[in-house]
Amino acid sequence: MKIQLLPCLLVLLLCVCGMEPVEGVHETRYEKFLRQHVVNAMNIDDCTSIIKDRKIYAKDNKSGKDKCKPVNTFILTEEQQAKAICHDGETTVRRNKEFKKSTKDFNVVVCHIKDEKKEYPNCEYTPKQEATYILVACDNNKLPVHLEPH
């Protein structure tokens with residue numbers, strides 16, 4: 001009986017290990033920040049495809065349904081540079097909350113929804129590229145967990 005059980009356990013283990021994680025499930029706030037806001041490089045016209053691929057959306061407060069996120073900002077940088085803002089940034093307070101402001105400007109792509117009437121996942125975005133400082137909220141481990149719009 002043990003010999004028959006072993007192949008079943010191996011198949012089960014392979015299935016579990018081969019499964020891809022679902023966004024939002026067991027995702028830390030830092031991982032969510034990276035998924036929603038950090039990209040090493042992107043073509044300015046890739047807003048729609050990156051937002052769709054990374055499953056970035058908002059929740060409707062009334063129905064609880066997924067909906068198109070009106071605006072999403074991508075920071076064109078590497079993970080280490082995004083993390084450094086929490087260590088090296090200037091402390092600033094907004095709406096009684098503490099944020100860290102980057103000491104240098106970053107290239108960002110701000111993606112604005114084209115048509116708010118479109119339903120998720122059929123969202124389409126218009127890009128705008130700019131260089132600006134970054135304002136982030138950091139957790140107790142000094143990791144960025146929220147990008148504050150400005």
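The values are calculated or read from the model by the stated rules, or taken from the named source; none is laboratory data. Fair warning: this is a prediction, and the values are worked out from it, not measured in the lab. All Cβ positions, even for glycine, are placed from backbone atoms using ideal geometry, and neighbour counts span all protein chains on display.
Values for this structure:
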| read-out | value |
| --- | --- |
| Subset of the stretch 116-150 (residues that are within 18 Å of the chain's Cα centre (by Cα), farther than 30 Å from Glu98 by Cβ and either modelled with pLDDT under 95 or basic (Lys, Arg) (or both)) | Tyr120, Pro121 |
| Residues being under 14 Å from Ile51 (Cα atoms) and not β-branched (Val, Ile, Thr) - total across the stretch 62-96 | 7 |
| Residue count for the stretch 123-150, restricted to those that are free of Cβ contacts under 8 Å to residues at least 40 places away in the same chain and closer than 21 Å to Lys52 by Cα | 1 |
| Every residue from the stretch 101-120 that is in contact (Cβ under 8 Å) with a residue 40 or more places away in the chain and of a type in the set (D, E, K, R) | Glu116, Lys118, Glu119 |
| Odd one out for Arg35 among (1) at pLDDT below 95; (2) surrounded by 14 or more Cβ atoms within 10 Å (Cβ to Cβ) | (1) |
| Where Cys86 falls short, out of the listed (1) under 17 Å from His146 (Cβ atoms); (2) out of contact with any strand residue (DSSP E or B) (no Cβ under 8 Å at 6 or more places or on another chain) | (2) |
| Verdict on Arg94 being in contact with a Lys or Arg (Cβ under 6 Å, 6 or more places away or on another chain) and not aromatic (Phe, Trp, Tyr) | no |
| Test: residue in the stretch 132-140 that is touching a Cys at 6+ places or on another chain (Cβ under 6 Å), of a type in the set (A, V, I, L, M, F, W, C) and under 14 Å from His37 (Cβ atoms) | yes |
| Residue list for the stretch 70-80, restricted to those being touching a residue at least 24 places away in the same chain (Cβ under 8 Å) and more than 14 Å from Thr132 (Cα to Cα) | Pro70, Val71, Asn72, Glu78, Glu79 |
| Selection from the stretch 40-75 of residues that are surrounded by 17 or more Cβ atoms within 10 Å (Cβ to Cβ), part of a strand (DSSP E or B) and hydrophobic (A, V, I, L, M, F, W, C) | Phe74, Ile75 |
